[in-house]
């Protein structure tokens with residue numbers, strides 16, 4: 001299987017980076033092809049601009065080619081202010097564009113142009129998970145990302161993992177989270 005991992009965290013020593021390493025290692029141990037697009041490392045421009053020409057920027061065309069070749073797309077990112085980092089939102093705005101990821105059809109419906117692909121999302125946040133669960137934030141995150149992005153484009157969600165209290169728990173708890181991620185990735189793929 002061809003996997004595209006889209007990663008959005010600026011700190012290489014973050015827990016999100018440990019998640020990235022766990023996911024990549026787990027997939028490679030099973031001989032999957034893995035491409036990682038570290039949005040901060042590649043310095044992708046997240047700002048959508050209107051040039052009036054309708055041409056796809058070469059930087060974006062390259063990202064779309066990665067998506068086209070992938071069987072599975074995994075997003076790994078922290079939740080900041082109840083949403084994804086701006087660099088990832090800009091990536092989605094620019095790369096998952098009309099005519100590439102979706103389009104309207106003559107029947108008034110939506111053609112989901114990325115159908116046939118699978119998607120996994122892994123999030124971390126500082127708020128305790130039981131608080132996010134109790135106020136509906138976990139479901140809101142799943143609705144906006146899993147449904148609003150993946151399913152809108154035809155990508156079949158295979159999971160959306162969320163991990164809370166990441167900065168305040170001990171290393172043993174974080175190791176348990178990584179083990180949960182490894183087990184989930186191994187069971188899915």
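No value in this document is a laboratory result; all are computed from the given coordinates. Predicted model, so just to flag it, every value in this text is computed and none were measured. For neighbour counting, all protein chains shown are included, and Cβ atoms are generated from backbone atoms with ideal geometry for every residue, glycine included.
Below is a table of values for the structure above.
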quantity	calculated
Per residue Cα convex hull volume in Å³ - calculated over region 45-131	145
Residue 1/residue 129 FRET efficiency (R0 35 Å; Cβ-Cβ; nearest 0.05)	0.75
Kirkwood Rh, angstrom, the chain [1 / mean 1/r, Cα pairs]	17.3
For region 33-87 and region 1-19, distance of Cα centres in Å	13
Fully extended contour minus Cα-Cα distance, from residue 28 to residue 68, at 0.36 nm per residue	12.4 nm
Fluctuation leader among 13, 156, 25 - the chain, Gaussian network, Cα springs under 10 angstrom	13
FRET efficiency for residue 168 and residue 57, using Cβ-Cβ distance with R0 set to 41 Å, rounded to 0.05	0.50
CD proxy at 222 nm, helix term only [per DSSP H run n ≥ 4: -39500 (n - 2.57); per residue of the chain; nearest 500]	-11000 deg cm²/dmol
Two-site label geometry, residue 110 and residue 180: point separation in nm, points 7 Å out along Cα→Cβ	2.9
